[in-house]
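Structure, as structure tokens:
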Amino acid sequence: MPRAVLFYEALGFPIKFGGSQEAFTSFAFGGSYLNLIVDTRAPVNWWGRVIIYVSDVDALYRKALAAGLKPSLEPSDAPWGERYFHITDPDGHELSFAKPLR
């Protein structure tokens, strides 16, 4: 949990409940929530991707870089009509931050 809390706080997710020393932490982000639960079972291989719409993809990308995080690709315009970038959290969960181009 400590490394996950640092990661999500660096991206600007405010903690709604819990914290780095807790087994459950909930972050508020816009009108959405992200809940993390400590699970001691074997890690899950790739499970999918969460897509989070933000108002400024490039600003969030720069914020991630400034915090020392390593997105897997630079922001780009997709043929399906979004500007986006991907980043993986410390536990291997892939996040896509996007904004519709239209």
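The values are calculated or read from the model by the stated rules, or taken from the named source; none is laboratory data. Just so it is clear, the model here is predicted, and its values are computed rather than measured. Because the Cβ atoms are built from the backbone with ideal geometry, glycine has one as well, and the counts that use them run over all protein chains shown.
If you go through the range 1-35 and pick out every residue that is surrounded by 14 or more Cβ atoms within 10 Å (Cβ to Cβ), more than 13 Å from the chain's Cα centre (by Cα) and part of a loop (DSSP other than H, G, I, E, B), you end up with 3.
Within the range 12-34, residues that are of a type in the set (Lys, Arg) reach partners that are at pLDDT 85 or above with beta carbons closer than 9 Å, at six or more positions or on different chains, in the pairs Lys16/Thr25; Lys16/Ser26; Lys16/Phe27. If the condition is being exposed (fewer than 14 other Cβ atoms within 10 Å of the Cβ) and more than 12 Å from the chain's Cα centre (by Cα), then the range 73-102 contributes Leu73, Glu74, Ser76, Asp77, Ala78, Pro79, Trp80, Gly81, Pro100, Leu101, Arg102.
Within the range 57-72, being in a loop (DSSP other than H, G, I, E, B) and exposed (fewer than 12 other Cβ atoms within 10 Å of the Cβ) holds for Gly68, Lys70, Ser72. None of Asp77, Asp89, Asp56 is modelled with pLDDT of 95 or more and closer than 21 Å to Gly30 by Cα except Asp56. Residues in the range 73-85 that are of a type in the set (Asp, Glu) and either part of a strand (DSSP E or B) or in contact (Cβ under 8 Å) with a residue 40 or more places away in the chain (or both): Asp77, Glu82.
Check the range 11-29 and report whether any residue there is within 16 Å of Ser96 (Cβ to Cβ) and modelled with pLDDT under 90.
Yes, the range 11-29 contains a residue that is within 16 Å of Ser96 (Cβ to Cβ) and modelled with pLDDT under 90.
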